[in-house]
Every structure is written in structure tokens, then in C-alpha cells.
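Working notes for the structure below.
The values are calculated or read from the model by the stated rules, or taken from the named source; none is laboratory data. Only a predicted model underlies this, so the values are computations on that prediction, with no experimental measurement involved. Cβ placement follows ideal geometry from the backbone for every residue including glycine, while neighbour counts extend to all protein chains displayed.
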Amino acid sequence: MKKEVSKDIVEKWLKGWSLSRDLPLPIQYQSGFKVEVGYENQKSRYVFTEPNDDFFQLAEFIEEPWVFLKICTSFNEFKDKIPEKWQVQPQGYMMSCFRTMTFPEVNLPDDYRLEFEEYHSTFLVKIVTKNDEVASIGRLIIIEDLAVYDRISTENNHKRKGLATFVMKELEKIALSKGIYNNFLVATEQGKILYESLGWELYSLYTSIVIPSKF
């Protein structure tokens, strides 16, 4: 039986996602949410927890490119019910870890150092080289009782050194210092492997569709 997706958790995650990017907070749109993103290749996004009438009506109505519809289910669940103008994007994965993470023994290599920043309720952890090059980075946003992890990345020439794991450990320390044990994020296919190794579990598939530019 398919697990029911909590609209409350999705809204909290989307608030964290928006704060991390210095964007307007999500607003209620019928049974889902909308964020005015304002990027050239992502004008806005609508997020729904299930493929319902509100979702399908938007899929019919929207003609403008780079408006994303996002939904907590697989593409196969609704692909035959939407117009062909929509193009599916790489699969995303909502993931949760409602407890402390499980970390391997990991130390920061001598030629790196940690830096911390804070903005708009967002905590930023960076691992930089002695030449001030950013090697790995991640963000944490506390939304009520939920710690939202966002934009965790490592530069290609610094991978396979455990840096992303170290970033996650430092971000979790911040969450725990605030008394927050509920962790949530959306992962790519590649990131999912890392998070599963730290004790995260799949919460829901997260599928994105968009009308690409006609030109």
C-alpha cells in the first residue's frame, strides 16, 4: 500500500527550499502550493502531494514554457492523463531521516577547512581549500520541527574524499543543537545513494514535468 504523503511536511520542505534560494515563500494554490521562482529556466513551480483534479487542470491549462509541475508520485502514475506538451525531468526522491544519522568515521583532510555562514534562517556549511576554493557545500533550514537539508554538492575534482558526508554531519550538529531530529530533503539519483548510507529512507518519489522552450 502506497504511503500517504503529508501535506504539512511538503509545505515545510518547500518553505525551506525557498528560503535557501532567497525566493518568496510558497503560497497555497488550490490543493497544492506555488512558488514564484523567477529564473529564466524556471519561472514558477506548482507542487502537489497527489495527482488530483487540480493537478490535471493545470496540466491542461498551462501553455507557457518553464513553468514546472511537481508531484509526489511516479511519472507512470499520470503520464497517460496529461497532454504530450509536458516533458518529464530526471527523477527526484523525497527522503526522510526522523532520527539521528549514522555516520562512518570521517575526518576532514588537512588541506581543507570549514566555514560557516547564516542568512534568512539558512545555515550554510562550506568546505574550502587553502586557496579559498569551495570544494563542498550544503545548507540547513529549520522550519518548525523539521530540518530541511538543501543544495548539498561537491565539486568534481574534490569528490570521493568524504566531503559531502562531513558537510551533512556538520549540518546535523546544527539541527541537533536546536533540538530537531526530523530531517528531510529531496535528492537526485546520485545523492540518494549517499543519504541512504547515512540512514535516510525514501519518503516519496518526486516527479517534475515542464513544457520546454519552443525555440
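If you go through segment 192-215, how many residues are in a loop (DSSP other than H, G, I, E, B) and either under 14 Å from Arg151 (Cα atoms) or of a type in the set (Lys, Arg) (or both)?
Counting residues in segment 192-215 that are in a loop (DSSP other than H, G, I, E, B) and either under 14 Å from Arg151 (Cα atoms) or of a type in the set (Lys, Arg) (or both) gives 1.
Within segment 27-53, track down each residue that is surrounded by fewer than 21 Cβ atoms within 10 Å (Cβ to Cβ) and of a type in the set (A, V, I, L, M, F, W, C).
Residues satisfying the conditions are Ile27, Val37.
Among the numbered criteria (1) over 23 Å from Ile9 (Cβ atoms); (2) within 20 Å of the chain's Cα centre (by Cα); (3) buried (at least 18 other Cβ atoms within 10 Å of the Cβ), which one does Tyr119 miss?
Result: Tyr119 fails condition (3) only.
Do the conditions hold for Ala164, that is, is it in contact (Cβ under 8 Å) with a residue 12 or more places away in the chain, more than 14 Å from Lys126 (Cα to Cα), outside the structural domain of Ile82 (by TED's automatic domain parsing) and not aromatic (Phe, Trp, Tyr)?
no
Note down all Cβ pairs under 8 Å where the first residue falls in segment 129-147 and is surrounded by 14 or more Cβ atoms within 10 Å (Cβ to Cβ), the second is in a strand (DSSP E or B) and among the acidic types (Asp, Glu), and they're at least six residues apart or on different chains.
That search, which allows pairs on different chains as well, returns Gly138/Asp150; Arg139/Asp150; Leu140/Asp150; Ile141/Asp150.
List the strands (runs of 3 or more DSSP E) inside segment 87-191, counting only whole elements, that have at least 2 residues being under 30 Å from Thr73 (Cα atoms).
Ranges flagged: 92-97, 122-129, 134-143, 146-154, 182-187.
Mind telling me which of the residues Arg99, Arg151, Arg113 ends up being in contact (Cβ under 8 Å) with a residue 12 or more places away in the chain, within 23 Å of Glu189 (Cβ to Cβ) and charged (D, E, K, R)?
Going through Arg99, Arg151, Arg113 in turn, the sole match is Arg151.
Quick check: anything in segment 107-119 in contact with a Ser or Thr (Cβ under 8 Å, 6 or more places away or on another chain) and within 30 Å of Ile62 (Cβ to Cβ)?
No, segment 107-119 has no match at all.
Given the criterion over 30 Å from Leu58 (Cα atoms) and either of a type outside the set (A, V, I, L, M) or in the same structural domain as Cys72 (by TED's automatic domain parsing) (or both), identify the matching residue among Lys192, Lys126, Lys214.
Result of the check over Lys192, Lys126, Lys214: Lys126.
Using beta carbons and a limit of 7 Å, which pairs, at least six apart or on different chains, have the first residue in segment 1-15 and modelled with pLDDT of 95 or more and the second one of a type in the set (Gly, Ala, Ser)?
Val5/Ser204
If I go through segment 77-98 residue by residue, how many of them are in contact with a strand residue (DSSP E or B) (Cβ under 9 Å, 6 or more places away or on another chain) and either modelled with pLDDT under 95 or surrounded by fewer than 16 Cβ atoms within 10 Å (Cβ to Cβ) (or both)?
So the count comes out to 8.
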